[in-house]
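Taken together, the values in this text are just the output of simple stated rules run on the coordinates, not laboratory data. The shown structure was predicted, so the numbers you read here are calculated from the model rather than taken from an experiment. In this analysis, Cβ positions are derived from the backbone assuming ideal geometry, glycine residues included, and neighbour counts consider all displayed protein chains.
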Ligand code: AMP
């Protein structure tokens, strides 16, 4: 793999007035290596659990999100990037992936042959939030959905998958918090007692919570304002109002994940920022991320597939934020080590440049990463480039060497140099690289 080292240099004073949009980041080559590592591990784990990749578009009709996530959620109320089409319709950059995956499942009749389908997707999401560390306006999620079954085994598998993925990613100090949000039978009972409680403490709540009493009272349980948190200690607990079926389901899931050795904590106040959840809801929480302490989360959403115009089938899923995963793995950087470029080609003079450019192309076509300077530079400058590119070997050719039918191979680690005949140069170099086990 090619390694890029971004060197911090004094920026020349160009008059650049078009900059990136606030809250949206460039993922530069040396960062992209870490992204690929995370994505590769995710893909491997998902495939192992039998999940197939799906790639819905990043833009959908606004109504899809309004109907699924909920009109009175923060996301729909104030965080969506919505565009007006030439015909006066509205389309939105996706703030999450579940709704799009369900739409694709329904629209392509994927449930017909086998209602139980397992999907994953990896890609950008967009929310107009106030940017801070771990919170951006374009961010990236890995998202998993298990559709077509309300078996508690599905819940257990999804939480087990989340737990195993975090282990494979090397993320430590995570707590999996779980709760049940009830169903359309028992949730209204709880909502009524919650509303009673909230009306009694109305005046002591923060402005946001006071507004939410009428729009989305459940979300008040998630308020982070210390004075609200203190009041909410005495709020009614949804687990006390669960119907028998929700209670049994919750117990079976807890037993199942316990039997797999997954550590979890029941948090009766855990609610999620999207309206579609029913039954099990969960989050992976860490103390190592400051204010943005959720690495990922998800839950069950029975009823949503039908709500979006599909059959009456259930679903459950979760999403993890890649930026937050990266913040958590930042301290483990040493683990990967610096990625080496196997070979840097240093040509002096036009004849040598022609020879090495051709060699560079042949090596690239044989999947042997290598560097070649497109600018004519001195030996010293090219050696510096080899170094900056973290090259294991430098191959050097000047006029004298060429007339002797030789080039020089320099081991950049040991500084040992040896001569290599130009005859069969490609094979000779390939063998040297294979022997050194650089790739
Ligand atoms: P949610 O869809 O809100 O449950 O978010 C799932 C995960 O996506 C969170 O736990 C975060 O890791 C990540 N996430 C959500 N919003 C953002 C954001 N604005 N910036 C970065 N990551 C985010």
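Quick notes on this one:
- Take every Cα pair under 8 Å whose residues are at least 6 apart in sequence, average their separation, divide by the length of the stretch 238-315, and the relative contact order is 20 percent.
- The stretch 288-439: antiparallel DSSP beta bridges as a percent of all, rounded to 5: 60 percent
- Proportion of all alpha-carbon pairs of the stretch 1-130 beyond 27 Å (%): 41 percent
- Contact order for the chain, expressed relative to its length and based on alpha carbon pairs under 8 Å spaced 6+ residues apart, stands at 16 percent.
- In terms of the mean number of neighbouring beta-carbon atoms within 10 Å, the peptides 271-280, 149-158 order highest first as 271-280, 149-158.
- Comparing 396, 33, 106 in a Gaussian network model of the chain (Cα springs below 10 Å), the most mobile by mean-square fluctuation is 396.
- Spherically averaged projected area of the chain from its Cα convex hull (nm²): 28.1 nm²
- Hydrodynamic estimate: the Kirkwood radius of the stretch 339-436 over Cα pairs, inserted into Stokes-Einstein at 37 °C and 0.692 mPa s, corresponds to D of 250 µm²/s.
- Result for the chain in a Gaussian network model with C-alpha springs under 10 Å: among 70, 371, 256, the largest mean-square fluctuation is at 371.
- Per residue, the average separation of C-alpha pairs within less than 8 Å and at least 6 apart gives the stretch 176-243 a relative contact order of 49 percent.
- Burial order of peptide ranges 243-251, 17-25, 420-428, 355-363 (average beta-carbon count within 10 Å, highest first): 355-363, 243-251, 420-428, 17-25
- Fluctuation leader among 303, 89, 123 - the chain, Gaussian network, Cα springs under 10 angstrom: 89
- Rg ratio (alpha-carbon, reference 2.2 N^0.38 Å) - the stretch 35-87: 1.62
- What the Cα atoms of the stretch 100-231 give is an Rg and a Dmax of 19.1, 55 Å.
- In the chain, the DSSP-assigned H stretches of four residues or longer account for a calculated mean residue ellipticity at 222 nm of -11500 deg cm²/dmol, using -39500 (n - 2.57) per stretch and the full residue count as denominator.
- Antiparallel %, DSSP beta bridges [both residues in the chain], to 5: 80 percent
- Using a simple spin-label model with pseudo-atoms 7 Å out from Cα toward Cβ, residue 20 and residue 130 lie 2.2 nm apart.
- Note on the stretch 190-263: the alpha carbon radius of gyration divided by the globular reference 2.2 N^0.38 Å gives 1.36.
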